[in-house]
Amino acid sequence: MFKVDEHVPLLKRQRYYFNISSLEKEGLLGAELRILRKPFTDPLRIPATEGRNGIQLYTCATSKQRAMLLQSQPIEDHSVPKWEVFDIWKLFKSFRNTVQLCFELEAIDQGHPLDLRSLGLDRSGRQNKEKAFFVAFSRTKKHGLFYNEIKARSGHNNKTVYEYLFTQRRMRRAPLPRVKKPSRSPKTRCNRKQLHVNFKDMGWDDWIIAPLEYEAFHCDGICDFPIRSHLEPTNHAIIQTLMNSMDSHSTPPTCCVPTRLSPISILYIDSANNVVYKQYEDMVVESCGCR
């Protein structure tokens with residue numbers, strides 16, 4: 001059995017509180033609590049029953065409800081750091097109308113409580129990236145916009161979203177890399193071109209965790225007659241392009257636009273300091289066409 005210093009009181013339980021008022025309840029697919037267990041390097045203080053002791057996660061007891069065991073899992077290796085992951089989706093579904101979730105963590109060895117500090121669970125002196133966090137998995141509706149999260153982060157003062165974006169950019173120490181102006185050449189036909197998005201350069205790496213960069217692509221080029229079949233023109237686009245070729249002053253040309261887009265998943269910290277993993281639709285251009 002694990003021995004402790006009798007002069008130091010046991011750290012038997014830890015409480016974790018999470019504000020979920022900012023989470024969009026619709027479209028949620030799952031929820032997890034993740035707690036970093038650091039390695040414990042002193043072999044003399046590692047429980048002798050390693051592999052049979054366990055971490056247990058409970059709901060917090062209230063005046064109306066007793067604490068409920070949510071999950072129990074063993075600790076098998078004290079020599080390496082590990083994120084302990086607890087599936088709390090069932091609890092979250094039951095309390096999705098509440099503002100705050102509360103959890104309690106304890107460690108048990110043969111029915112006796114262990115000091116959480118002895119298992120690398122001491123919370124003192126931890127950096128932000130080492131603190132426990134709540135993860136919500138969700139899928140946006142078709143009309144769900146990444147812009148809405150940016151808007152939420154701009155605050156509730158008179159700043160516009162665009163002012164917020166430019167302020168974030170100005171706060172960065174490193175300037176944006178200079179891009180050479182392309183030489184003037186005849187406009188190419190409508191096609192997909194590269195558009196590399198770097199959230200760190202945009203000043204968003206303080207709340208976007210991953211990915212910090214991705215290829216979004218964009219569409220560029222002319223839509224002249226005859227429109228190539230791979231550009232998947234609509235009947236209206238074909239007629240408009242034909243009319244434009246006959247008289248460019250009376251009819252504008254069709255535009256080179258995305259015809260198929262795909263989603264990406266983003267892990268970020270929302271305005272209530274929760275870690276959210278959400279899939280956003282229409283973030284990457286897969287193909288272009290004339291419309």
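The values are calculated or read from the model by the stated rules, or taken from the named source; none is laboratory data. Given the structure is predicted, the values throughout are model-derived calculations rather than measurements. All Cβ positions, even for glycine, are placed from backbone atoms using ideal geometry, and neighbour counts span all protein chains on display.
If you check residue 266 against the conditions, is it assigned to a helix (DSSP H, G or I) and either surrounded by 16 or more Cβ atoms within 10 Å (Cβ to Cβ) or outside the structural domain of residue 31 (by the TED database) (or both)? Against the criterion (assigned to a helix (DSSP H, G or I) and either surrounded by 16 or more Cβ atoms within 10 Å (Cβ to Cβ) or outside the structural domain of residue 31 (by the TED database) (or both)), residue 266 does not qualify. For the stretch 228-241, filtering for residues that are surrounded by 14 or more Cβ atoms within 10 Å (Cβ to Cβ) and farther than 19 Å from residue 286 by Cα leaves 4. Selection of first residues in the stretch 81-93 that are of a type in the set (Asp, Glu) and of second residues that are in a strand (DSSP E or B) and buried (at least 19 other Cβ atoms within 10 Å of the Cβ), restricted to Cβ pairs under 7 Å at least 6 apart or on distinct chains, gives the following pairs, ordered by first then second residue: 84/35; 84/37; 84/55. Within the stretch 240-280, which residues are farther than 23 Å from residue 89 by Cα and in contact with a Lys or Arg (Cβ under 8 Å, 6 or more places away or on another chain)? Once the filter is applied, which keeps residues that are farther than 23 Å from residue 89 by Cα and in contact with a Lys or Arg (Cβ under 8 Å, 6 or more places away or on another chain), the stretch 240-280 yields 254, 255, 257, 259.
Taken over the stretch 206-227, residues that are closer than 22 Å to residue 274 by Cβ and surrounded by 15 or more Cβ atoms within 10 Å (Cβ to Cβ) amount to 3. Scan the stretch 221-267 residue by residue and report those that are without any contact (Cβ under 8 Å) to a residue 24 or more places away in the chain, farther than 17 Å from residue 189 by Cβ and of a type in the set (Gly, Ala, Ser). Passing the criteria: 250, 265.
Only one of the numbered conditions (1) of a type outside the set (S, T, N, Q); (2) closer than 30 Å to residue 26 by Cα; (3) over 24 Å from the mean Cα position of the chain (by Cα) is violated by residue 276, and that is (3). The set of residues in the stretch 128-138 that are modelled with pLDDT under 80 and more than 20 Å from residue 28 (Cα to Cα) comprises 128, 129.
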